[in-house]
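Only the coordinates and a few stated rules stand behind these numbers; no lab work does. Keep in mind the model is a prediction, meaning the values are calculated, not measured. Glycine also receives a Cβ, built like all others from the backbone with ideal geometry; neighbour counts cover every protein chain displayed.
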Amino acid sequence: MEPATSPLPVVILISGRGSNLQAIIDAVAEGTLPVDIRAVISNRPDAAGLQAATRAGIATAVVDHTLYKERQAFDQALQARIDQHQPALVILAGFMRILSTDFVDHYRGRMLNIHPSLLPDFPGLNTHQRALDAGCEIHGTSVHFVTADVDGGPVVLQARVPVHVHDTADSLAARVLEQEHQLYPQAIRWFAEHRLTLGENGQALLDGAILTEPRQLSATAEKPG
Ligand code: GRF
């Protein structure tokens, strides 16, 4: 694999804890993820992830959605903030806002999200409890390109986790989260290395081939960079 010539400029959007953000920061610090995190932007001033960014010396900003009456106005303000940094990729890492079509279209093919279920199963909220309620034996997490269809864009990479008999939503969430911290850096690495793109017809392409099914993390164990 050829090394990327220069790190890809990215902006990361968060709303809360920021453990996926931290996993990305760590991968960059370890030299296994060729991105330049230009800024971390939160819609919530109290998001713990902002502190993680500051600790890592990354610029932060808050675009507080409660200060905007209309979703469109919030999205426009957010877009302006993001575009100041000219990112080649926008990374949603626990960003808990539904985005307008104009916003999503603006970042078509250059915005990724991580969602805690094996999409297309369980889009939306409370995925772990819903997987338990449905009696799933296997649950997991997915990285997908963002489209106007909430949690419905083409899925690129997934990790599966077993559901244990005595699992609660919390214990299952913890098992999934551990996988997310491997999964997201891997998918972002593909994008940063220009291996992962969104095709004209809306399908994800990896190394130029249509991903008819998402790749599975266990099957993608490869030396980064
Ligand atoms: C993760 O479970 C992610 O899948 C979902 O939101 C959660 C964010 O967690 N989109 P964190 O803030 O990265 O710790």
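Given the DSSP H assignment, sum -39500 (n - 2.57) over each helix run of at least 4 residues in the chain and divide by its residue total; what's the result at 222 nm in deg cm²/dmol, nearest 500?
It comes out at -9000 deg cm²/dmol, rounded to the nearest 500.
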Between the stretch 7-67 and the stretch 85-99, how many Å separate their Cα centres? 10 Å
Cα convex hull of the stretch 9-93 - mean projected area over all directions, nm²: 5.0 nm²
So, with points 7 Å from each Cα along the Cβ direction, the Thr212-Lys69 label distance in nm works out to 5.2 nm
Based only on Cα atoms, what mean projected area does the convex hull of the stretch 48-102 have, in nm²? 4.4 nm²
Taking every DSSP beta bridge with both residues inside the chain, roughly what % is antiparallel (nearest 5)? 45 percent
Any chance you could check the Cα centroid distance between the stretch 163-177 and the stretch 106-128 for me, in angstrom? 19 Å
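Convert 4 °C to kelvin, take the viscosity as 1.567 mPa s, use the Kirkwood radius over C-alpha pairs of the chain as Rh, and evaluate the Stokes-Einstein diffusion coefficient in µm²/s, rounded to a whole number.
Values: Rh = 17.8 Å.
Using the Kirkwood radius from Cα pairs, D works out to 73 µm²/s.
Could you size up the charge dipole of the stretch 24-89 around its Cα centre, putting +1 on the beta carbon of Lys and Arg and -1 on that of Asp and Glu, and report it in debye to the nearest 20?
That gives the stretch 24-89 a dipole magnitude of about 160 debye.
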Mind telling me which of Gln84, Gln179, Gln203 comes out most flexible in a GNM of the chain, alpha-carbon contacts under 10 Å? Gln84
Could you check what % of the DSSP bridge pairs in the stretch 1-108 are antiparallel, to the nearest 5? 0 percent
What is the sum of charges around His115, taking Lys and Arg as +1, Asp and Glu as -1, for the other residues whose C-beta is under 13 Å from the C-beta of His115? -3
